[in-house]
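Following: one structure in structure tokens, then a few remarks.
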Amino acid sequence: MEVVKIKAGGFCAGVRLAIEKARAAVSKHGKAYAYSPLVHNEEVTSRLEGEGLLPFDRERLEQNDRSLPVVLSAHGHPSSLEDSLKEAGFAIVDATCPFVKANEEAIATDSRSHDIVYLGQPGHEEARAASSFGSGRVHLIDPALPFDVPEGLVDPLIYVQTTLSGEDIKKATEAIREEYPEAKLCRGPCRATEERQNAVKGLDGSYDLIVVVGSRNSANARALQKLAAAKGSTALLIANAEEIDAASLKNKKKAAVIGAASTDELEIDAVVEALKSI
């Protein structure tokens, strides 16, 4: 099989920075805690756990060693979390992606005078965190599901979970502007998300297989698979090379491989080599 690795894939800057901060904390203290998975990729979090980044026990707070710092994930966290952990005696390492943090800070400011319509997935860490900064004025909408635009909003502003697909954002924004024509889109997807999505959308028709390497709990990985499937190719989302079913792909001639924003080059390269052998 002919295999092309898309250069846009792999760790984004925010994920890379979060991993650097976590490893620095482990290096300094011998071990550290991850309050929640640092990034949405099981291969990466498992590797970091092996290096000494341990899961934080949120249910049994007293079981955690207060001499170790707590690393907060790249996806953001509720506005009250840092204070509660510090009150419990823990040092904090904030590994929030700078783009996500900028969204949170802007929501905190804008919600003083505007209602906020936040496009995101209710169960996603980033969406929950962003909503907590809005002084009760954030209206969360999942653009992938049927939704009703809230009535009676005051000068609404539209904010976006950074990992959503551009198409979902566009459709939801159009629906909101039917009710509020002046609604302003304040943040789109981050540059890394756009680069990966544009790379998939730009693939020509010669690829009969597009493989996204990433975790199924990663919103940006699922968005890439959705875009790949829309091109009419066979679109797979796999975590690693071990998940490749060679027998089902033996008739494929040309594959493109892209890594999601929290996927290590190690996994991407292993998938490329495995596909080449089919």
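FYI, it's all coordinate maths here, none of it is from the lab. Here the structure is a predicted model, which is why all the values come from computation and not from measurement. Ideal geometry is used to build each Cβ from the backbone, glycine not excepted, and the neighbour counts take in all protein chains shown.
So what is the relative contact order for the chain, in percent, with contacts set as C-alpha pairs under 8 Å and at least six apart? Spell out each step's value before the answer.
Details: 535 pairs, mean separation 63.4, N = 278.
Reported as a whole number, the value is 23 percent.
With a cap of 10 neighbouring Cβ atoms within 10 Å, and only residues DSSP puts in a loop, list the GluC sites (Glu not before Pro) found in region 109-153. Present the calculation step by step, with values, prior to reporting the outcome.
Values: sites: 125, 126, 151; in loops: 151.
Passing sites in region 109-153 are 151.
If you average the sequence gap of Cα pairs under 8 Å that are 6 or more apart and divide by the length of region 99-185, what percent do you get for the contact order? Intermediate values should be presented prior to the final figure.
Details: 123 pairs, mean separation 27.4, N = 87.
About 31 percent, as a whole number.
Of all the options 11, 147, 56, the one that moves most in a Gaussian network model of the chain with Cα springs shorter than 10 angstrom is 147. Efficiency by 1/(1 + (r/R0)^6): what FRET value for residue 109 and residue 208, r their Cβ-Cβ distance, R0 = 45 Å, to the nearest 0.05? Efficiency, from the Cβ-Cβ distance: 0.40.
Among 212, 160, 70, 4, the ranking by other beta carbons within 10 Å of each residue's beta carbon, starting with the fewest, stands as 4, 70, 160, 212. Spin-label model, residue 101/residue 86: points 7 Å from Cα along the beta carbon direction are separated by 1.4 nm.
For the residue pairs 231/252; 171/201; 7/28; 101/184; 7/231; 21/101, the C-alpha atoms sit more than 24 angstrom apart in 7/28. Remark: relative contact order (region 13-97) = 36 percent; criterion is Cα-Cα distance under 8 angstrom and separation of 6 or more residues.
Neighbour counting of Cβ atoms within 10 Å sorts the residues 101, 21, 250, fewest neighbours leading, into 250, 101, 21. The candidate values were (1) 36; (2) 45; (3) 39; the one computed from these coordinates for percent of Cα pairs over 29 Å apart carries the label (3).
Prolate is the label for region 76-130. Its Cα gyration tensor axes, ordered a ≥ b ≥ c, give a/c of at least 1.5 and a/b above b/c. Tell me, what is the FRET efficiency for residue 29 and residue 251 to the nearest 0.05, using R0 = 41 angstrom and their Cβ-Cβ distance as r? E between residue 29 and residue 251, to the nearest 0.05, is 0.20. The GNM of the chain, with springs linking C-alpha atoms under 10 angstrom apart, assigns the highest mean-square fluctuation among 134, 232, 52 to 232. Annotation for residue 191 and residue 147: the two label points, set 7 Å from Cα along the Cα-Cβ direction, are 2.7 nm apart. Projected label points at residue 155 and residue 4, each 7 Å from Cα along the beta carbon direction, are separated by 4.8 nanometres. Sparsely packed loop sites in region 10-119 (the GluC sites (Glu not before Pro) outside DSSP H, G, I, E and B with at most 14 other Cβ atoms within 10 Å) comprise 59. Please work out whether region 99-185 counts as rounded, prolate or oblate from its C-alpha gyration tensor, where a ≥ b ≥ c are the square roots of the eigenvalues and a/c under 1.5 means rounded, while otherwise a/b larger than b/c means prolate and anything else oblate? Oblate, since a/c reaches 1.5 and b/c is not below a/b.
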